[in-house]
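Worksheet: the structure to be examined is printed underneath.
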Amino acid sequence: MKIYSNELIFIEVEKSEIPWLKIFPIKKYKELSDCDEETKKELLNTMLIVEKTMLEYYKPTKINIAMFGNYLPHLHIHVMARFKEDSYFPEPMWGKKQRESKLNLPNFDGFLEKLLTKIIQ
């Protein structure tokens, strides 16, 4: 589900038990180093806003940031709030499930409202 876009980037929600967003450039690039400077700056600034907002709102154990692109061969950045109580921690979300999740997180809509306010500023 797309939650934000501008002329350079867009943000999607990854359906998951944890707060997980993906940030894409509008123009398809294979690698971060392929981006023009304006797009690169927008991607990285947005990533940091997402990270900081997740830290403030959810108070996770850790934020995971990843740029694989092996299955989807164009640049995108995963930003995930991780918790000791999530099903996979400390493994990556693509790893081996460790337990049933015992998460009781604040409302995602409240997070999105705070995030979009910060991005649009």
Checked against the positive end of the charge dipole of region 2-120 (+1 on Cβ of Lys and Arg, -1 on Cβ of Asp and Glu, about the Cα centre), the farthest of Trp94, Asn6, Phe111 is Trp94
With Cα coordinates, the longest principal axis of the chain makes an angle with the long axis of helix 37-58, in degrees rounded to 10, of 20
Scattering profile of region 2-120 from the Debye formula, Cα beads only, expressed as log10 I(q)/I(0) at q = 0.22 Å⁻¹, is -1.29
The chain, helix-only ellipticity at 222 nm - DSSP H runs n ≥ 4, -39,500 (n - 2.57), divided by all residues, nearest 500 | -9500 deg cm²/dmol
Links that overshoot a 22 Å alpha carbon limit, given the list Lys2/Lys102; Lys59/Lys84; Lys30/Lys114; Lys2/Lys41 = Lys2/Lys102; Lys30/Lys114
Within a Cβ distance under 14 Å of Leu48, other residues only, what is the Lys/Arg minus Asp/Glu net charge?
-> +1
Alpha-carbon centroids, region 73-99 and region 1-39: separation in whole Å = 18
What dipole magnitude, in Debye to the nearest 20, does the chain give about its Cα centre under +1 on Lys/Arg Cβ and -1 on Asp/Glu Cβ?
-> 380
Using per-residue counts of other Cβ atoms within 10 Å, averaged over each peptide, order 90-103, 47-60, 65-78 from highest down.
-> 47-60, 65-78, 90-103
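Laboratory data are not the source of any read-out in this text; all were calculated from the coordinates shown. Predicted model only: the values in this text are computed from it and were never measured. As a convention, Cβ positions derive from the backbone with ideal geometry for all residues, glycine included, and neighbour counts pool all protein chains shown.
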